[in-house]
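Some notes on the structure that comes next.
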Amino acid sequence: MAGFKKWEYMTNIFKAFFNKFLKNLFRKKKHIKLGLYGPPNGGKTTLANRICQDWLGEDMGSVSNIAHETREIQIKEQISIKNDEGKEISFNLVDTPGIATKIDFEDFIKSGMKEKEAKIRAKEATKGVIDAIKWLDEMDTIIIVLDSTQDPYSQVNITIIGNLAAREIPVLIVANKVDLKKADIKKIEAAFPQYEIVGISAKYGDNVNEFYNALFKYAS
């Protein structure tokens, strides 16, 4: 009986080691899935467009001041970037809908939509949030894009942070919109001391090279 328990114990250790080995092997593959997550209007699609323009010469998707403009998962495949040292990584870029705990059709009415259109938009946006959360299982690296002019605690869903930690997915936080006077990266750094923060302006390209170089720590 003691021999059987020892065999079972060793088997479990081997399984744990093997699963960890496969996980690390998967993480180190040359081509990965890079997901952009964050609140509505934080600048995810603007950053996605910046990346695609810099390395592909084309946009990822449309940008709007209306919240939840991105309501479906958007994917741009086969993006390859190089850092200052000449190293290269290749990834599929996944732009996800803005994560929000509450989506009210009345907010869309305030943006000028009619009630029927607003209700459809709210339904689509809700589905988009659910899809974005489901897609966490597909991601190898996550970029959380925050608006550096807004309160960081009101922008990040704690459930998402918990899910990322549980899945041990590498995370890089981008403090976007540093070109604006109200930008305050220190607030974001204080809110999330466990993560690296890179301040950029996705719209104008400020510090974008710093972002690309930081990306190599998490996506290679």
Count of region 147-173 residues which are touching a Lys or Arg at 6+ places or on another chain (Cβ under 9 Å), under 17 Å from residue 186 (Cβ atoms) and either of a type in the set (S, T, N, Q) or in a strand (DSSP E or B) (or both): 4
Only residues in region 189-211 that are under 23 Å from residue 53 (Cβ atoms) count as the first member; pair them with residues that are among the charged types (D, E, K, R) and in a loop (DSSP other than H, G, I, E, B), Cβ under 7 angstrom, at least 6 apart or cross-chain, and list the lot. 201/177; 201/179; 203/179; 204/179; 206/179
Please verify whether residue 130 is surrounded by fewer than 17 Cβ atoms within 10 Å (Cβ to Cβ), β-branched (Val, Ile, Thr) and modelled with pLDDT of 65 or more, treating the condition exactly as stated. yes
What pairs come up if the first residue lies in region 159-187 and is of a type in the set (Gly, Ala, Ser), the second is crowded, with 19+ Cβ neighbours inside 10 Å and not in a loop (DSSP other than H, G, I, E, B), and their beta carbons are under 6 Å apart, counting only those six or more places apart or on different chains? 175/146; 175/188; 175/197; 175/199
Considering only region 174-200, how many residues are crowded, with 19+ Cβ neighbours inside 10 Å and not in a loop (DSSP other than H, G, I, E, B)? 7
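The values are calculated or read from the model by the stated rules, or taken from the named source; none is laboratory data. None of the values given here were measured: they were computed from a predicted structure. Neighbour counts run over all protein chains shown; Cβ positions are idealised from the backbone, glycine included.
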